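A short worksheet on the structure shown next.
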Amino acid sequence: MTKPKRLLVVLGNEFRSDDGVGLVVLRDLQKCCPEGFEYLAHNGDPTDLMERWQERQAWLIDALAPQPGDSIGDIKELNPLAGDLLEATPSPSSHAASLAEALAWGRSLGKLPQSLKVYGVVGGNFAAGTQLSAAVNAAVPKVVEKILQVRRSQGHA
């Protein structure tokens with residue numbers, strides 16, 4: 001049995017408030033389109049990411065720490081393979097170093113994904129808790145719709 005070509009990876013911690021946004025997006029996507037993706041809640045380990053995304057279309061969802069000019073709930077779309085540098089933004093997420101490492105190792109070992117899209121939601125509360133802030137919660141259906149639009153544009157229902 002072959003793996004689906006599309007891998008949707010969610011990074012985050014559901015017990016750190018806004019850091020759990022990716023898991024909420026994942027649950028919504030699994031409800032509306034359970035087929036067509038391999039869904040994976042992941043800890044960000046670069047070696048494992050590199051192995052899982054090799055020769056696949058990989059989409060990652062994560063919470064981002066706010067940077068100057070950001071508003072809580074902003075959605076950022078990054079394409080690291082096309083030049084968007086994760087390490088260029090100081091600590092955009094608790095996993096950015098791991099993603100940057102996975103990309104660097106993947107380049108040197110020939111284990112890059114076919115494509116990589118990162119959807120980041122700017123969070124404001126990363127303290128212990130299980131509730132998303134109102135602005136981050138409002139971003140969830142927007143991220144789901146963005147992913148579904150890309151999926152439809154690639155010829156998938």
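Overview of results
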item	result
HN-Hα J in Hz across the stretch 64-80 - Karplus 6.51, -1.76, 1.60, θ = phi - 60°, x for Gly and Pro	10, 6, x, 10, x, x, 7, 10, 4, x, 4, 10, 10, 10, 10, 10, x
Amide H partners (placed H, <5 Å) of Val10, local residues excluded	Leu40, Ala41, His42, Ile61
C-alpha center-to-center spacing [the stretch 105-151, the stretch 47-67] in angstrom	9
Within a Gaussian network of the chain (alpha carbon springs, distance under 10 Å), most fluctuating of Leu29, Leu109, Leu11	Leu109
Sequence-distant residues sharing a close amide H with Gly129 (under 5 Å, placed H)	Arg16, Ser17
In Å², nearest 10: area of Asp45 left accessible to a 1.4 Å probe	70
Percent RCO, i.e. relative contact order, over the chain, from Cα pairs under 8 Å lying at least 6 residues apart	33
Amide H within-cut-off set for Leu64, under 5 Å, with H built and near neighbours excluded	Val121, Val122, Gly123
By accessible area with a 1.4 Å probe, ligands and nucleic acids excluded, highest first: order of Thr130, Thr47	Thr130, Thr47
Ellipsoid equivalent to the chain - semi-axes via the Cα gyration tensor, in Å	23, 19, 14
Lysines with Cα under 17 Å of Lys142, excluding same-chain neighbours fewer than 8 positions away	Lys31, Lys76, Lys117
10 Å Cβ shell holding at most 13 others, DSSP loop, GluC sites (Glu not before Pro): longest site-free stretch of the chain	56-157
The chain, dipole about Cα centre (Lys/Arg Cβ +1, Asp/Glu Cβ -1), debye to the nearest 20	560
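The values are calculated or read from the model by the stated rules, or taken from the named source; none is laboratory data. As the structure is a prediction and not an experimental result, all values here were calculated from the model. In this analysis, Cβ positions are derived from the backbone assuming ideal geometry, glycine residues included, and neighbour counts consider all displayed protein chains. When the accessible area is computed, the model is the full protein with side chains, heavy atoms only, and any ligands, DNA or RNA have been set aside. Shrake-Rupley method; radii C 1.70, N 1.55, O 1.52, S 1.80 Å.
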